[in-house]
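What follows is a single structure, written as structure tokens, with notes after it.
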Ligand SMILES: Cc1cc2nc3c(=O)[nH]c(=O)nc-3n(C[C@H](O)[C@H](O)[C@H](O)COP(=O)(O)OP(=O)(O)OC[C@H]3O[C@@H](n4cnc5c(N)ncnc54)[C@H](O)[C@@H]3O)c2cc1C
């Protein structure tokens, strides 16, 4: 629909990232007149500064590692180094192809795309480029940006965020990564593969601290083996410039020096100065508060994605955006089970999980009602071929369903699809054990873990 002053859209979306554009695509598919307002590039963080570019860097790093380790497989290859400009070209080509495809999709669904910085001007309108865009409903999807810590200023040169790290024109000789969460360990992994001397600083007890403790420990073991250093359990105190780098001091007085400091301490919502509070939208520390149907307290306004306090993942944004579009189009919608959303950290080795941790299961069901089983990838033929180590850990409610699947190992992210079905369909171990898994695949390890949990282990000890 063309936009003029008298047009009233069914849905006006502020922000064209994963959450916003998914709502636009699904809404248009269901016959809604949709306006999508984006100040940067449609696709948002995930496509341009997040999921896609980081995974391209990690894949380039994997190839570097394979070249270095080729002799273990009887292949004579030599690793000569990283041409970072060429790595960026490869990464940017991937982004450009997907960006073009997404723009085509938006156009083909007849979505009114408005480029510009918007501001909520009432519960039913957004002002952009000096124009008022009116809608029966408004969806806030302005996403998030990298956070820092008090007194730690990101200069984009020596103290950088993930946005800067993704376009860095050199491979740093050494790097301190502040934050051992998903983004931190992914950069640590890619940089190490590129040849950087990396130290991760994490204030919590473990790397990837929201994962099951077993996964964290396995990742720490693998990182130690790769020569990625880390310091756990002590918080950051300050950072100072040295002659040619940065010095970080921790609360216990310990110091670390490196060429660059990557601040990966999380992302904060983009909501300031956008008119949300003035329109009466309830917020908490910058996040827009929503119910399980993504409705704010203002009846004409919904919100999705990193702007709301749910899991900060692209596929969560997609799901929330779709939910809003379907609700507005009058379809029956079901709240998202966030525990049932798969989570993958794409470092080397990968960490993948769905469902709840053993600790959480014990909290919910009681310690004596929870069974945990670990299946070591050493017994899995394909993992042996790939020379990857790791484990699949299953968490089961005694005599009941599998409520958590926690995997560590190269390519285990690709196994999370089946794990997701197991969790979300509340499968019993015996039911999964009945399914025949292809040999030799890493997927088979998931089958074998369930065989073991069902009391009939095949390639593992009783
Ligand atoms: C380094 C990194 C790696 C990541 N890797 C993964 C991964 O592997 N898998 C995964 O699932 N998730 C990953 N994520 C998280 C994922 O990118 C986010 O969860 C997702 O992008 C959130 O989508 P969103 O639509 O809420 O916000 P965003 O993608 O941030 O989109 C918000 C959009 O709103 C626009 N906007 C903001 N304000 C205005 C305004 N006033 N007017 C107009 N437009 C505006 C912005 O320009 C932006 O395009 C990663 C994130 C980072 C930073």
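The values are calculated or read from the model by the stated rules, or taken from the named source; none is laboratory data. Only a predicted model underlies this, so the values are computations on that prediction, with no experimental measurement involved. Quick reminder, even Gly has a Cβ in these numbers, built from the backbone with ideal geometry, and neighbours come from all protein chains shown.
Numbers below:
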item	result
Members of the range 273-321 found to be under 21 Å from residue 124 (Cβ atoms), part of a loop (DSSP other than H, G, I, E, B) and either within 13 Å of the ligand (Cβ to nearest atom) or modelled with pLDDT under 95 (or both), listed by number	273, 274, 275, 276, 290, 294, 304, 308
Boolean, residue 163 is near the ligand (Cβ under 10 Å from one of its atoms) and surrounded by fewer than 23 Cβ atoms within 10 Å (Cβ to Cβ)	yes
Whichever residue in the range 6-42 is near the ligand (Cβ under 8 Å from one of its atoms) and surrounded by fewer than 24 Cβ atoms within 10 Å (Cβ to Cβ) and, among such residues, is nearest to residue 313 (Cα to Cα)	42
Test: residue in the range 113-127 that is touching a helix residue (DSSP H, G or I) at 6+ places or on another chain (Cβ under 8 Å) and under 25 Å from residue 317 (Cβ atoms)	yes
Matching residues in the range 179-201 - criterion: being more than 18 Å from the chain's Cα centre (by Cα), crowded, with 22+ Cβ neighbours inside 10 Å and over 22 Å from residue 79 (Cα atoms)	200, 201
Residues of the range 129-141 that turn out to be in a strand (DSSP E or B) and either in contact with a helix residue (DSSP H, G or I) (Cβ under 9 Å, 6 or more places away or on another chain) or surrounded by fewer than 21 Cβ atoms within 10 Å (Cβ to Cβ) (or both), as a count	7
Pick from the range 311-333, criterion more than 20 Å from the chain's Cα centre (by Cα) and buried (at least 21 other Cβ atoms within 10 Å of the Cβ), ranking: farthest from residue 42 (Cα to Cα)	328
Within the range 50-68, tally of residues that are surrounded by 22 or more Cβ atoms within 10 Å (Cβ to Cβ) and near the ligand (Cβ under 6 Å from one of its atoms)	2
Matching option when the condition is part of a loop (DSSP other than H, G, I, E, B) and at positive phi, among 110, 205	110
Residue ID - nearest to the ligand (Cβ to nearest atom), chosen from residues in the range 258-272 that are in contact with a strand residue (DSSP E or B) (Cβ under 9 Å, 6 or more places away or on another chain) and assigned to a loop (DSSP other than H, G, I, E, B)	270
Test set (1) in contact with a helix residue (DSSP H, G or I) (Cβ under 8 Å, 6 or more places away or on another chain); (2) in contact (Cβ under 8 Å) with a residue 12 or more places away in the chain; (3) closer than 30 Å to residue 192 by Cβ - residue 453 fails condition number	(3)
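Okay, residues lined up against (1) touching a strand residue (DSSP E or B) at 6+ places or on another chain (Cβ under 9 Å); (2) within 15 Å of residue 21 (Cα to Cα); (3) more than 14 Å from the ligand (Cβ to nearest atom):
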residue	(1), (2), (3)
91	no, no, no
101	no, yes, yes
109	yes, yes, yes
138	yes, yes, no
